[in-house]
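Working notes, structure below.
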Amino acid sequence: MAELAIELIGVNKHFGEVHANKNITFGVRKGTVHGIIGENGAGKSTLMSIIYGYYQADSGTIKINGKAERIRSSHAAIGLGIGMVHQHFMLVDPFTVLENIVLGAEGGVTLEGSLAAARTHLQKLNQDYGLQVDPDAIVGELGVGTQQRVEILKTLYRGADVLILDEPTAVLTPQEADDLFRILRLLRDQGKTVILITHKLREVLDITDDVTVMRAGEIVGQVRTADVTKEDLADLMVGRKVNMHLDKAAAVPGKKVLSVSGLNLVDSRGVALLKDIGFDLHAGEIVGIAGVSGNGQSELLEVLSGMREATSGSVQFKGMELATLKTREPKAAAYRKLGIAHIPEDRSREGMVKDFMTFENAILGYHDDPSVRRGFLFNRKAIIERCRRFIDEFDVRPALTHRRIGLFSGGNQQKVILAREIHANPDLLLIGQPTRGVDIGAIEFIHKRLMQLRDEGKALLLVSVELDEIMALSDRIIVMNGGAISGELPAAEATATSLGLLMGGHK
Amino acid sequence: MSQPANMPRWASLWLMPLLNLFAALFVSGLVIALIGEDPVECLKLMINGAFGYPEGIGYTLFYTTSFIFTGLAVAAAFHAGLFNIGGEGQMYLAGLGVTLVCLQFDYLPAYVVIPLAMLAAILFGGAWALVPGYLQAKRGSHIVVTTIMFNFIASSLMTWLLVDKLRMEGSQTPATREFAQNAWVPMLHELFAPLGVELPNTPLNASFFLALMALVLFYLVVWHSPKGFVTRTVGLNEKAARYAGIPVDKVIIAVMCVSGALAGLAAINELLGSTHRMNMGFTNGIGFVGIAVALMGRNHPVGILLSALLFGALTQGGLDLSFEKPAITREMIIFTQGLIILFCGALENLFQTPLSAAFKRMLKNQ
Ligand SMILES: Nc1ncnc2c1ncn2[C@@H]1O[C@H](COP(=O)(O)OP(=O)(O)OP(=O)(O)O)[C@@H](O)[C@H]1O
Ligand SMILES: [Mg+2]
């Protein structure tokens, strides 16, 4: 048997009443890419945080290169050659790439010396692993994909032999993801070990050598990737048959709900973010907006949800002109009352307050609703009951109303937001990246739920960078490029190639 | 990255502040020993001065009353993510409102003039906080800077008014005339005398009950009302607040007004409860102590009540102590207060790491 870079024996971790890791025993072969998959809240991130020294296991042994170690801090983990690329990058935006990489690992008295030494080292790493990062670029001006590569460089610079990546592709475009995988393969070929957490089975099959499957804190499967199919993995993960194919009845579009025309948005620096956007959306219809992220989709959602004022243009909702609507309260509140609900793209920063309990997040945006008040106070009982319903109906785990939502795993946070917005029974639902970081079981559920809303006669506008998702859900697809609509086509006619061309701006 | 805290809730709520408090008292003790006094004896004298006899208790609770108000003022702003350092100035200006009402209308019956004076305290205190609130919300001027500046402005303004405009005719001291009795908030010993309960003669007055009511109301509003929900949302995540359709600017301004009004109510306790006239510098640092009270009380009414009581006791016990021990001056007491602020505020997490490690070991051994 090949040598193990990392071996865990009987590792346990509790958070209060939550048993996040149960008796975990598994090994990662040296020089391989090892995938870890599992439902939201299965305990993947916790396990990695234990290896990285961020959490301490309650019991169990961790062996690094065959030697039992106690990893008390991330610092110790780095010393043992373990590096982690976090999902939220830990970079200083105004600094250059070089400065970011040296930060915290400066040797010597003056910065000059260490910077010069670092530069040569960096060039070599850059070349060896085909990272293509300009050491003098300002980090804040780089795209997400490049920033991620800076993070990888950072760990390599500190001498990492084992790289842990927690859902690295959740924030990447498909092209960027391909780039990342090319780099990861190169790393593996040069003898590094990579641990990759992801919810995308395609990626698992594509790049990993071994896969470990977790469910409810336990390991339920350890397989060689070559021996399994996508379906096998899905079933292992969820513990039942997953239907990855969405059955979609033909849409029966009703009345026009939303009509956008000539919509423009220019930011304070004079950059045009939205250019002459126009489209219609009917009741009982899902329109998908495809595009490489950063091509105006986010801004469009912001304008339509009232969070941002358009520079010019018309937005008609159920025949009412929203652009000139005068409201005393902020537009986001007024729109919500008119029947526009919004699932924001950036759920952790916009859609919820991490330090609030589940039940408090269950009313964010609806906190003024008569149904949750009693006079000038809240009707606590009604709120808790509502939250309970959300939890039951959307299978939020752990099923706790009084728990800070920041402690839930990403997928479960998303379920709470989804439940809240759907519960409002809106006529128009704006949806940004509904399944980012969400496990396949939950994706199945969320997709079904969105379909159901459509069939109930709601109008849905879906923004997603996942082409599969757009194609599976939408009735019509609009493609955006550079802030403008570069094409529109019925979902039945769309293929990945035709959309890809439009996304690139070819008409 | 550091280790996340791993402690039972009760420990971080109760044990940590207590440990911090003891650390502060310990350092004060060292300094007292250094100037040649016996720290244990001093501590005894202080505790006795604060709680050992009826008058002492009365004075302690009188000081506590003001600290509750200024502590709540800081806490209110804090929940919206604002650090209101301006309690001192807001209280001072509220005092002006109270004074103007009393000088004009103290011939009216008590049930008219006292509510009127309270209203003035709320309006003047609130208005003095409104301006920094507005500048923060609309212009992005940092609230800490503006409220500090407003303290200075308040102080200069009041000096001018007291010296040139409001000073009692024929008097050399910068103070107003005494308000008529109608405007005095009834003392506790007066209130209880008809019931046959005899209380010592201290400035403790009905404002104390107002403070207790404010604590309860604060709890209800912050954690059980939409207004508080909106405030905390703004304080914790402004982006989410915008997403939720919360008018962030308005909330900031409104919360600052409430904060200033709360600080203003401390002026009622001082002016209508005790001095019955406006003196220069009557606020005497009460606004600043409010910062410590809120910090130590974790911005929660129960905590604020307890820490206001602590600072009240420290003030009263300290005064008694400085009578007994001339070597220990008022400044020594302020020094101790400062230490408590340092340990409970700035060094709040001093004991967190060892403590959570201790808890971990304990849990393991079970
Ligand atoms: N710091 C914490 N305090 C309390 N509970 C936590 C903490 N971190 C994680 N948990 C809980 O432990 C469980 C496992 O969480 P973890 O983040 O490891 O899941 P995950 O498999 O990474 O999920 P996802 O795919 O959604 O990222 C969840 O129930 C989560 O709520
Ligand atoms: Mg995770």
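The values are calculated or read from the model by the stated rules, or taken from the named source; none is laboratory data. Nothing here was measured: the structure is a model prediction, and the numbers come from that model. Every residue, glycine among them, receives a Cβ derived from its backbone with ideal geometry; neighbour counts consider all protein chains shown. The protein model used for the area step is the full one, side chains on, heavy atoms only, and it has no ligands, DNA or RNA in it. Shrake-Rupley method; radii C 1.70, N 1.55, O 1.52, S 1.80 Å.
Helices (runs of 4 or more DSSP H) fully within the stretch A:430-507 that include at least 2 residues being within 30 Å of A:SER45 (Cβ to Cβ) and among the charged types (D, E, K, R): A:440-455, A:467-473. A search for C-beta distances below 9 Å between a residue of the stretch A:46-64 that is more than 9 Å from chain B (Cβ to nearest Cβ) and assigned to a helix (DSSP H, G or I) and any residue that is open to solvent by 20 Å² or more (accessible area, probe 1.4 Å) and away from ligand 2 (no atom under 16 Å from the Cβ), counting only pairs 6+ apart in sequence or on different chains, returns A:ILE50/A:GLN56; A:ILE50/A:ALA57; A:ILE50/A:GLY60. Those helices (runs of 4 or more DSSP H) of the stretch B:271-366 in which 3 or more residues are among the polar types (S, T, N, Q) occupy B:301-324, B:352-365. Residues in the stretch A:25-56 that are open to solvent by 10 Å² or more (accessible area, probe 1.4 Å), more than 9 Å from ligand 2 (Cβ to nearest atom) and either assigned by TED's automatic domain parsing to the domain that holds A:ASP439 or in contact with a Gly (Cβ under 9 Å, 6 or more places away or on another chain) (or both): A:THR25, A:LYS30, A:GLY31, A:GLU39, A:TYR52.
For (1) more than 10 Å from chain B (Cβ to nearest Cβ); (2) away from ligand 2 (no atom under 16 Å from the Cβ); (3) part of a helix (DSSP H, G or I); (4) surrounded by fewer than 16 Cβ atoms within 10 Å (Cβ to Cβ), each residue gets a yes or a no:
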site: A:LYS381; (1), (2), (3), (4): yes, yes, yes, yes
site: A:PHE390; (1), (2), (3), (4): yes, yes, yes, no
site: A:GLU393; (1), (2), (3), (4): yes, yes, yes, yes
site: A:THR401; (1), (2), (3), (4): yes, yes, no, no
site: A:GLN414; (1), (2), (3), (4): yes, no, yes, no
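Residues that are surrounded by fewer than 17 Cβ atoms within 10 Å (Cβ to Cβ) and either among the small types (Gly, Ala, Ser) or more than 24 Å from B:LEU93 (Cα to Cα) (or both) within the stretch B:163-198 comprise B:GLY170, B:SER171, B:ALA180, B:GLU190, B:LEU191, B:PHE192, B:ALA193, B:PRO194, B:LEU195, B:GLY196, B:VAL197, B:GLU198, listed in sequence order.
Looking at this structure, is A:LEU281 in contact with an Asp or Glu (Cβ under 7 Å, 6 or more places away or on another chain), closer than 30 Å to A:ILE340 by Cα and not assigned by TED's automatic domain parsing to the domain that holds A:GLY10? So A:LEU281 does not fit the description; no. Quick check: is even one residue across the stretch A:439-446 of a type outside the set (A, V, I, L, M, F, W, C), within 13 Å of ligand 1 (Cβ to nearest atom) and in contact (Cβ under 8 Å) with a residue 24 or more places away in the chain? Checked against the condition, which is being of a type outside the set (A, V, I, L, M, F, W, C), within 13 Å of ligand 1 (Cβ to nearest atom) and in contact (Cβ under 8 Å) with a residue 24 or more places away in the chain, the stretch A:439-446 yields at least one hit.
Against the conditions (1) among the small types (Gly, Ala, Ser); (2) free of Cβ contacts under 8 Å to residues at least 60 places away in the same chain; (3) open to solvent by less than 40 Å² (accessible area, probe 1.4 Å), A:SER298 satisfies every one except (2).
Note on the stretch A:186-215: residues that are within 15 Å of A:VAL28 (Cα to Cα), assigned to a loop (DSSP other than H, G, I, E, B) and within 16 Å of ligand 2 (Cβ to nearest atom) total 0. Beta carbons closer than 7 Å, at least 6 apart along the sequence or on distinct chains, pair a first residue in the stretch A:390-411 that is farther than 18 Å from A:ASP439 by Cβ with a second that is open to solvent by 90 Å² or more (accessible area, probe 1.4 Å) and away from ligand 1 (no atom under 13 Å from the Cβ) for A:THR401/A:ARG388.
The criterion of at least 2 residues that are out of contact with any Ser or Thr (no Cβ under 9 Å at 6 or more places or on another chain), within 14 Å of chain A (Cβ to nearest Cβ) and touching a residue at least 12 places away in the same chain (Cβ under 8 Å) is met, among helices (runs of 4 or more DSSP H) falling completely within the stretch B:196-267, by B:207-224, B:226-236, B:248-267.
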